[in-house]
Amino acid sequence: MLGGGLAVIVGQVKLRNYWEVVRGKLFVGDEITVETHVTYIGTTSFQICYDILRSGAKMGQAKTVHVCIDRDNRKKRELPD
């Protein structure tokens, strides 16, 4: 939550996997690294991309879009500075 009556929600999640076709499978207990990158900042939203790596090999990729809203009326608001 942000001050001033603002909140940030996750508006969209997308996942693309490579492990079934290209690299094998991930299992519980596998050590992975998740690299994050802010790839877009707009007036009311921003996007974060995630690269999922095992031993340096890309196993998957995800993207989330986060939207700034007014907590009271649930309408989009501009991102604060």
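The values are calculated or read from the model by the stated rules, or taken from the named source; none is laboratory data. All of these numbers come straight from a predicted model, not from anything done at the bench. Heads up, the Cβs are rebuilt from the backbone with ideal geometry, glycines too, and the neighbour counts pull from every protein chain shown. For the accessible areas, the whole protein counts, side chains as well, though only heavy atoms, and no ligand, DNA or RNA atoms are used. Shrake-Rupley method; radii C 1.70, N 1.55, O 1.52, S 1.80 Å.
Identify, from the list VAL13, VAL8, the residue that is open to solvent by 50 Å² or more (accessible area, probe 1.4 Å) and at pLDDT below 90.
Step by step, each of VAL13, VAL8 is checked, and only VAL13 is open to solvent by 50 Å² or more (accessible area, probe 1.4 Å) and at pLDDT below 90.
Starting from the stretch 46-65, take each residue that is more than 20 Å from GLY29 (Cα to Cα) and in contact (Cβ under 8 Å) with a residue 60 or more places away in the chain and list its partners that are of a type outside the set (Val, Ile, Thr) and open to solvent by less than 50 Å² (accessible area, probe 1.4 Å), counting only C-beta distances under 9 angstrom and pairs at least six apart or across chains.
Correct list of pairs: empty, since none qualify.
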